[in-house]
Ligand code: HEC
């Protein structure tokens, strides 16, 4: 029921994603991804700054999964290493971390 409400809230707000972030996503983010995406020293898009993600979110969740798994160099010229530089992470773990990241924008974003 709660999930339905969240979904409905997302649809009402016109957000692109309705993501159910699995709990291991946060665990992996906190262990691996935070070193670049959660410190202001890195040029990586910061989780605390949703505006840095607007164009990235517009690519869709599959594209973000793909780029997190395979690595990505975009407009900033900075490198997102494949699997955050941790080759032992499984596909499911990397995707869960991406989903966790996306889910933080759904709850903090104020504009659609
Ligand atoms: C060594 C630093 C570093 C680590 C660790 C890291 N990232 Fe990144 N990530 C980056 C940088 C830099 C970019 C931006 C690349 C660009 O746009 O040029 C990025 C971009 C991304 C993007 C957006 C890709 C796109 O298509 O715009 C996603 C999603 C992402 N990272 C997920 C993750 C996840 C999940 C983890 C942990 C498993 C992780 N990152 C760990 C540096 C890092």
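Read-outs throughout are calculated quantities, based only on the coordinates presented, and are distinct from any laboratory measurement. Model, not experiment: these values are computed from the prediction. Positions of Cβ are backbone-derived with ideal geometry, glycine not excepted, and every protein chain shown enters the neighbour counts.
Grab the Cα-Cα distance for residue 41 and residue 92, subtract it from 0.36 nm times how many residues apart they are, and report the gain in nm with one decimal.
Gain on extension, residue 41 to residue 92, equals 15.6 nm.
I need 99, 30, 62 ordered by Cβ neighbour count within 10 Å, fewest first.
62, 30, 99
Taking the number of other C-beta atoms within 10 Å as the exposure measure, put 102, 28 in order starting with the fewest.
With the sparsest Cβ surroundings first, the list reads 102, 28.
Using a 10 Å cut-off on Cβ atoms, rank the peptides 75-81, 43-49 from the highest mean neighbour count down.
43-49, 75-81
For residue 78 and residue 61, compute 0.36 nm times the residue count separating them, minus their Cα-Cα distance, and round to one decimal in nm.
So the extension gain works out to 4.1 nm.
How do 98, 34 rank when sorted from fewest to most other Cβ atoms within 10 Å of their own Cβ?
34, 98
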